[in-house]
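Where a number appears in this text, it was derived from the coordinates with a stated rule and is not lab data. Quantities reported herein were computed from a predicted structural model and do not represent experimental measurements. Ideal geometry is used to build each Cβ from the backbone, glycine not excepted, and the neighbour counts take in all protein chains shown.
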Amino acid sequence: MTSNKGENMDLRTYLFVNKIKTKDFAKEMGKSSNFMYRISNKQVRPSVALAKAIEIKTGGKVKAKDMLREAFEEYLNKVFKNGLEEIHKPDKKRKK
């Protein structure tokens, strides 16, 4: 069995290993359980402030930089997959 002592982990793993319910963690963080579930499953990214608060709450086991890096890498993958035009579509409502 490998130990997670001193190792970084994602939020979902942290909650599982520590037997913490998402809804309980969300309540402690002042967020909805649905929102925290989506963060832990990497469906949405936390703000910089929330990512840092999660890092502090988890005693540094879940790193803010890792959560934010994953979001940035997903963004870059989208840019390079779909091209810059997909990300920066002009506003159709704006008149030229």
Q. How long are the three semi-axes of the equivalent ellipsoid for region 11-87, computed from the Cα gyration tensor as the root of 5 times each eigenvalue, in whole Å, largest first?
A. 26, 12, 11
Q | Over region 11-87, relative contact order from alpha-carbon pairs under 8 Å, at least 6 apart, % | A | 21 percent
Q. Sorted by average packing, counted as other Cβ atoms within 10 angstrom per residue and highest first, what order do 66-72, 52-58 take?
A. 52-58, 66-72
